[in-house]
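The values are calculated or read from the model by the stated rules, or taken from the named source; none is laboratory data. All of these numbers come straight from a predicted model, not from anything done at the bench. All Cβ positions, even for glycine, are placed from backbone atoms using ideal geometry, and neighbour counts span all protein chains on display. Heavy atoms of the whole protein, side chains included, go into the accessibility calculation; ligands, DNA and RNA do not. Shrake-Rupley method; radii C 1.70, N 1.55, O 1.52, S 1.80 Å.
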Amino acid sequence: MSLKQIQQKIRQIINNPQLSYRQRMHYLAAQAESLLEPPPISDSLQIAIEQQVICDMHEGPAPHRPRYLLPDYPKAIKQGSDYLELDPPNNLVEALNFLMILYTQTPSITGYPVYLGDLDKVLAPFVDEVSDAQLNLQLRLFWQMIDRVLPDAFVHTNLGPEDTRIGRAIFQLERELNQTVPNITLKVDPQITPNSFLEEAVKTVFVVAKPHFVNHPMMCADLGEQYGVVSCYNSLKAGGGSHTLVRLNLKEAVKQHQGNSSSFINETLEKYVRLTLELMEARIRYLVEDSCFFEHNFLAQEGLVSLDRFSAMFGIYGLAEAVKLLMEAQGSLAKYGHDAEANQLSYQITDRIAALVKEIPLPYCEGNDGFAFLHSQSGIDLDLDVTAGTRIPIGEEPELYEHIFAVAPHHHKFSSGVSDIFHFDDTVKRNPQAVVDVIKGGLAQGMRDFTFNLASNDFIRITGYLVRKSDVVRLEKESSRYNSTVLGAGSEKNQGVTKRNLKRVMSHEQTPRLG
Amino acid sequence: MSKPLGLVNRILPFSAVDGPGNRFVIFLQGCNFNCVNCHNPQTIGVCDVCGICVEECPGEALQIKASGTEIEWNKSRCLRCDNCIKVCPSDSNPHSQWLDVDFVLEKIRRSASFLSGVTVSGGEATQQPEFLRELFHSIKTDSALNHLSTMIDTNGSAEISIWKSLLPFTDGAMVDLKAFDNQIHQKLTGNSNSQVLQSIQHLQKAERLFEVRLLIIPDLNDHDLMLQQTANWLCQLSNNIRIKLIGFRNHGVRPEYSDFLEATPERLDEIRELFQGFGIQEIKVI
């Protein structure tokens, strides 16, 4: 890039009327980083990146903070922070103040904290002596502060699986405040989480399209009791996180492949899995060995994160198109989500990827015994004509249960998150228990994450994060809202959506670079 | 011994509006009432194989079976134009099929982990009591299904002996009461309400009355005096009776009834307050 071109890019950011001051700063920093040479990689990897088979999520060439970082908030609350010059909080007001300060000092790929902690547990020591009125007032101010000070749709808190006073107060507050931030996940254990609490959560979804519901026993088995769901559908160890996320575009991988589906699974797939891991390793080494984040950052120094609880995320997407192309190559029109043969092929592909990822070690990934976490990546808005993760293409979803039966067998393989979104019509509003039944059924079928939305509420879920409909102008028609997988750079309409997002609340992860 | 067949109009594996929680719903074909407000009039009649729909089907998807007792529906040729329903002189349709209990049970089994229960609706469910009894009996004696609640959505016209045969395997009934006044009931349904009132009483005593559904059609059955009589009768049956007020909507009703007034939300609110005045707590308004 010539100096003139660089200057032009910088001016485009500085003079962009749709960006707030802070958003301009964010993109300016990314622009500066983009001028650096990336860590050295092999020629074949370079080619795979150029062919868009492998994507670094535009994280930037010089990783200087982990992509996702999950501080151990209960520990911070107990020990205070030397760096922040804060004593351990003694009451609710002090605790909320302490947390807010800590949040602003917690980095991530978005520039904002992606994890606010399991707030029902973090705040539990302070609520017994507080009246309902005081609790509601303090939480309301805290919630407004979070939304206004951390205006990014990937800021995420967790609740459950226990039914708590704080959890109920937060759901009530969510329904009243109608805020995009924070995103919320409810951990569900059918043995622990009562139906009445699940109904509270479901009623909250009716209004604000959150929380997500996750399979707590499955998460605990994979990640241990101390885990968090952060950003959008990323489940990781608390007190740790993920260095990076690199994703493999299965559709493009199939396009580079000559031959049938079994040679794809046995040869081409292995080649690209290895190349993806090569890029992950290069990025992890730069972060840990060159930028030395874990030596310099106070979160690591004070033990609020520790390197041995980190790993990195191996993402995949475009499974539906990969299956379609492979079936077509053998003269079949069978489609993922609809035909047993195509579904079987999809399971074979993810089985093979999961096996390879567990065979090929990565450095500094002790958080997952030295291997990457597998992740079904839910898309960024530069994606065009490719379906997120392991989802069934939008508009092609089969009937509800068949949809769940088709996708559920993938879920157990993706310990760092997988997502499928279900849409219900408004009749469920009068009967939240009906949705609770479906969620529990989905978890019983082996789903890890369950997200649903109503056609009618004010929030739109683009790929996993929320946009408020009233923030979105010139929306064409109902159906276009869910074309989230084709929110691509080339599409005039979809670029429109990107621009419309650039309001006070940003979705930095989903919009890693401009235009 | 072969299991009884049911004439099934439609199966919905997911419904949030047919009882508590998520329900698998079986709509049986054929009803002994002829209600002015019926939203699915094509479920009222039982096909007499007159063949008119076969003649009128633009997709040639229908033909009379060789046996002459049934019309065969070729789903792949069907244009979903519903012309067959429009031309049927008997308020029936050729899409209903005779299904055996095992076939329906297999479908329920596939959906079971997502369900609170199974509801049989209609048409009028109790018009096919053998099928209903066998289905519910099978659910309650199958270890993979017996967590499901079994509910009947009914017009309440079944004889007490039929209820007695069904209730051992039935968790609850949702009963429509179109009018407490018999003359108005006659006018709205073509039938007397005396059996309906007896059914409600019987189900309440047997602790199987899930809810009573009261249809509200302005100027036809929403006179305060009758509503007061209704409320008085219901609250004497039980002080924790659950009722649902259903405002008339003309969507889907037959053309001759489509100019009836729809109930306004304000009127429904007034009626809710009237019932609350009698100490009835659980009132849903739709």
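Determine the sum of side-chain charges near A:G239: Lys and Arg each +1, Asp and Glu each -1, restricted to other residues whose C-beta is under 10 angstrom from that of A:G239.
+1
The contact between chain B and chain A removes approximately 1400 Å² from the accessible area (both sides summed; 1.4 Å probe; ligands, DNA and RNA excluded).
Determine, from the Cβ-Cβ distance of B:K164 and B:D224 and an R0 of 45 Å, the FRET efficiency 1/(1 + (r/R0)^6), rounded to the nearest 0.05. Show your work: numbers first, answer last.
On the way: r = 36 Å, r/R0 = 0.80.
Computed FRET efficiency for B:K164 and B:D224 comes out at 0.80.
Of the chymotrypsin sites (Phe, Trp or Tyr not before Pro) in segment A:52-100, the ones in a loop by DSSP (not H, G, I, E or B) with at most 15 other beta carbons within 10 Å are A:Y83. How much of the accessible area of the protein assembly as shown, probe 1.4 Å, is carbon plus sulfur, in whole percent? Accessible surface attributable to carbon and sulfur in the protein assembly as shown totals 49 percent. The H on the amide N of A:V230, modeled in the peptide plane, is under 5 Å from the matching H of A:S235, A:L236, each at least 5 residues off or on a different chain. Over all other residues within a Cβ to Cβ distance under 11 Å of B:N221, the charged ones net out to -1, with Lys and Arg as +1 and Asp and Glu as -1.
Checking the a/c ratio against 1.5 first, then a/b against b/c, what shape does the Cα gyration tensor give for chain B? Since a/c reaches 1.5 but b/c is at least a/b, the shape of chain B is classed as oblate.
Going through segment A:330-396, which GluC sites (Glu not before Pro) have at most 15 other Cβ atoms within 10 Å and a DSSP loop state? Could the numbers behind the result be given before it?
Working: sites: A:E341, A:E359, A:E366, A:E396; in loops: A:E396.
Of the GluC sites (Glu not before Pro), the ones in loops of segment A:330-396 whose Cβ has at most 15 other Cβ atoms within 10 Å are A:E396.
Starting from the Cα gyration tensor of the protein assembly as shown, take the square roots of the eigenvalues, sort them a ≥ b ≥ c, and report rounded, prolate or oblate (rounded when a/c is under 1.5, otherwise prolate if a/b is larger than b/c, else oblate). The shape class here is prolate.
Applied to segment A:272-278, the Karplus parametrisation 6.51 cos²θ - 1.76 cosθ + 1.60 on θ = phi - 60° returns per-residue 3J(HN,Hα) values of 6, 4, 5, 5, 4, 5, 4 Hz, with x for Gly and Pro. Among B:I184, B:I139, B:I52, which one moves the most in a GNM of chain B with springs linking Cα atoms closer than 10 Å? Judging by the Gaussian network model, the answer is B:I52. Along each principal axis, taking the top coordinate minus the bottom one, the Cα set of segment B:45-109 gives 37, 23, 23 Å in descending order. Quick one: grab the alpha carbon gyration tensor of segment A:308-399, order the square roots of its eigenvalues as a ≥ b ≥ c, and give me rounded if a/c is under 1.5, else prolate or oblate depending on whether a/b is larger than b/c. Prolate, because a/c is 1.5 or more and a/b exceeds b/c. Summed over the residues of the protein assembly as shown and divided among them, the accessible surface reaches 41 Å² per residue at a probe radius of 1.4 Å.
Using the Cβ of B:H95 as centre and a radius below 15 Å, the other residues enclosed give a net charge of +1, where K and R count +1 and D and E count -1. Residues in segment A:379-391 carry Karplus couplings, in order, of x, 10, 7, 8, 5, 9, 6, 9, 7, 4, x, 9, 6 Hz; the curve used is 6.51 cos²θ - 1.76 cosθ + 1.60 with θ = phi - 60°, and Gly or Pro positions show x.
Would you calculate a helix-derived [θ] at 222 nm for chain A, using -39,500 (n - 2.57) for each DSSP H run of n ≥ 4 and dividing by the full residue count, to the nearest 500? Don't skip to the end; give the middle numbers.
On the way: 20 runs with 211 residues, N = 515.
Value at 222 nm, helices only: -12000 deg cm²/dmol.
Name all residues of segment B:23-39 having a backbone nitrogen under 17 Å from the label point set 7 Å from the Cα of B:F103 along its Cα→Cβ direction, giving them as ranges. Residues passing the 17 Å test: B:25-30.
Of the candidates B:I152, B:I200, B:I162, which one comes out as most mobile in a Gaussian network treatment of chain B with C-alpha springs shorter than 10 Å? Greatest mean-square fluctuation among the candidates belongs to B:I162.
On a 0 to 90° scale, report how tilted helix B:265-277 is relative to the longest principal axis of chain B, with both axes built from alpha carbons and the result rounded to the nearest 10. Taking Cα atoms only, the helix is inclined about 60 degrees.
Derived scalar couplings between HN and Hα for segment B:186-203 equal 4, 5, 7, 10, x, 9, 6, 9, 5, 5, 4, 5, 5, 4, 4, 4, 4, 5 Hz in order, rounded to whole Hz, by the Karplus curve 6.51 cos²θ - 1.76 cosθ + 1.60 (θ = phi - 60°), x for Gly and Pro. Residues whose amide H lies under 5 Å from that of B:F14, counting only those 5 or more places away or on a different chain, are B:V25; hydrogens are built 1.01 Å from N in the peptide plane.
List the GluC sites (Glu not before Pro) within segment B:10-70 that DSSP assigns to loop and that have no more than 11 neighbouring Cβ atoms inside 10 Å. Provide the component values of the computation, followed by the final result.
On the way: sites: B:E55, B:E56, B:E60, B:E70; in loops: B:E60, B:E70.
When the GluC sites (Glu not before Pro) of segment B:10-70 are filtered for loop state and at most 11 Cβ neighbours within 10 Å, B:E60 remain.
Measure out, as a whole number of angstrom, how far apart the alpha-carbon centroids of segment A:316-393 and segment B:37-82 sit. Segment A:316-393 and segment B:37-82 have Cα centres spaced 45 Å from each other. Interface burial in segment A:417-456, defined as at least 50 Å² less accessible area with all protein chains than with the chain alone at a 1.4 Å probe, covers A:R430, A:N431, A:D437. At a threshold of 50 Å², the residues of segment A:394-413 that become less accessible to a 1.4 Å probe in the full protein assembly than in their chain on its own are A:Y401, A:F405. Compared with the dominant Cα axis of chain B, that is its longest principal axis, helix B:129-140 is turned about 80°. Residues of segment B:1-46 that become at least 20 Å² less accessible with every protein chain present than in their own chain isolated, using 1.4 Å: which are they? The answer is B:P13, B:F14, B:A16, B:V17, B:G21, B:N22 - residues whose exposure falls by at least 20 Å² when every protein chain is included.
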